[in-house]
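Here, each number is a calculation from the coordinates, and none is a lab measurement. Keep in mind that this is a model prediction, so the values were computed, not measured. Note: ideal-geometry Cβ built from the backbone for every residue, glycine included; neighbour counts use all protein chains shown.
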Amino acid sequence: MTFTIEDKIGMTFAIYLGVINELEEKIMLLLKNCEVYAPEYMGKKDILMSGGSIELIADSLEDYAKLPEIEVLECEGKIAFPGFIDSHVHICGAGGEGGFKTRTPEIKMTDLTVAGVTTVIGLLGTDGIGRSMENLVSKAKGLKEEGISAYVFTGSYQVPVRTLTGEIMKDITMIDEIIGVGEIAISDHRSSQPMKECVTKLVADARVGGLLSGKAGVVHFHLGSGTDRLKMLNEIIEETELPITQFYPTHVNAYPELFECAVDFAKKGGYIDFTTSTTPYFIATGEVKAAEALKICLEKGVSKKQITFSSDAQGSLPCFDENGKLEGLLIGKASSLYESVREAIMELNVDVEDAIRVITENPASVLKLENKGRIKNGMDGDVVLVDNSNYEIETVISRGTIMYSDSKHVIGDTF
């Protein structure tokens, strides 16, 4: 239940209290004295949550602390951020480029909550054979039942896209969890080397599916080490009526030349996604760390609303030789998402609002997750509390429920 400012002004506290008491069977949580970034700075506020949503934000809600059916959390010395959105996670595992033994494991819900992630978007990668859309959607449903919000992209690296219902448009329109297509590999030796016409068609289908269902309908593109980089996407945008905002390229900080192309793409109004999981080898061979990429983009005049971070959690981080032979691999971590934001704030002096936006409001906007990404009346009760001196995560709240606090999982995994 959400109240406008006019509603609240017109009510006496007693009347409002009566309405709130009707919600007593729902979880009520009051955060007191937290410094709020929504993501814009709001100053010190109290936040009241009920039924999984944010009900009230005010300078003081002391009277509500007296209600019998409420949990009060004192947040003096803590900053409140919107719950983090990780838009690229291999929730069912990934990898396999080195044979079956290199398949990475499924993610656990607590791997996400300990990292402040309250909303996750799952996807398939190289392996669209040993893992399926049925598996992916089922995993997303399980994560939702455990207490966080979960969505997925339909497909994998390959074109034609392997869908759940047989059609991209039908997947997006009819399956609640499916919000777009991805990750489609281009400019990579592991891609299916799709023709431009095929990619154009799948983007068009995704767009119409999004229009019919009120979803984003974006196509999430994996960019590799190929020299074409964003050439195909730019040509499709120039040659068709498809808007640049339907294209959502990721890993664009992986190579210096690709990064420069991504800066130009963002300046034209496109969204770009920087991957936060990395390895010493990747850095040594030219990868621009996500925090540094953000700072450079802002200095180059890229709109702060065009940039997102994602972790590539559970994805394999492979090292190939010049002939495409796998030499070794590590695994992506959800914890890298906020670590990169924290690095941008504490080491590179990026403004807190600009840094936190890339894992909150921006991905929510790109993916049309209308109740996510902001601390605002009526939004989902997703909040991450961090220490205001060192920005370390202390408490994670998903849909009004405390999932993690004081270095402990309050809500654990099913198994």
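Modelled spin-label separation between Thr414 and Glu370, with each label point placed 7 Å from Cα along the Cα-to-Cβ direction: 3.0 nm. The alpha carbon centroids of region 339-415 and region 146-206 are separated by 27 Å.
Please give the charge dipole size of region 83-366, origin at the Cα centre, charges +1 on K and R Cβ atoms and -1 on D and E Cβ atoms. Round to the nearest 20 debye.
Once rounded to the nearest 20, the dipole reads 400 debye.
How high is the relative contact order of region 83-366, in percent, counting Cα pairs under 8 Å that sit 6 or more residues apart?
Once divided by the residue count of region 83-366, the mean separation gives 18 percent.
Placing pseudo-labels 7 Å out from each Cα toward the beta carbon at Lys196 and Lys300 gives an inter-label distance of 2.3 nm.
Listing Phe84, Phe247, Phe100 from fewest to most neighbouring C-beta atoms within 10 Å gives Phe100, Phe247, Phe84.
The simple spin-label model puts a point 7 Å past each Cα toward its Cβ; for Asp59 and Glu353 those points are separated by 2.0 nm.
If N is the number of residues in the chain, what value comes out of its Cα radius of gyration divided by 2.2 N^0.38 Å?
Scaled against compact globular proteins, the figure is 0.98.
Shown for the chain: cysteine residues without a partner Cβ closer than 4.7 Å, namely Cys92, Cys198, Cys261, Cys297, Cys319.
More than 20 angstrom separation, counting every C-alpha pair in region 309-415; what % is that? Value for region 309-415 (Cα pairs over 20 Å): 55 percent.
Over the chain, DSSP H runs of length four or greater, each weighted -39,500 (n - 2.57), average out per residue to a 222 nm ellipticity of -8000 deg cm²/dmol.
Under the combined filter of DSSP loop state and at most 12 neighbouring Cβ atoms within 10 Å, region 195-285 retains these GluC sites (Glu not before Pro): Glu241.
Where in region 221-330 are there trypsin sites (Lys or Arg not before Pro) that are in a DSSP coil and have at most 13 other Cβ atoms within 10 angstrom of their Cβ? In loop regions of region 221-330 (DSSP not H, G, I, E or B), the sparsely surrounded trypsin sites (Lys or Arg not before Pro) are Lys268, Lys300, Lys325.
Taken as entire DSSP H runs, the helices of the chain that both span 15 Å or more between Cα atoms along their own long axis and average -1.0 or more on the Kyte-Doolittle scale are 133-146, 196-213, 256-267, 335-346.
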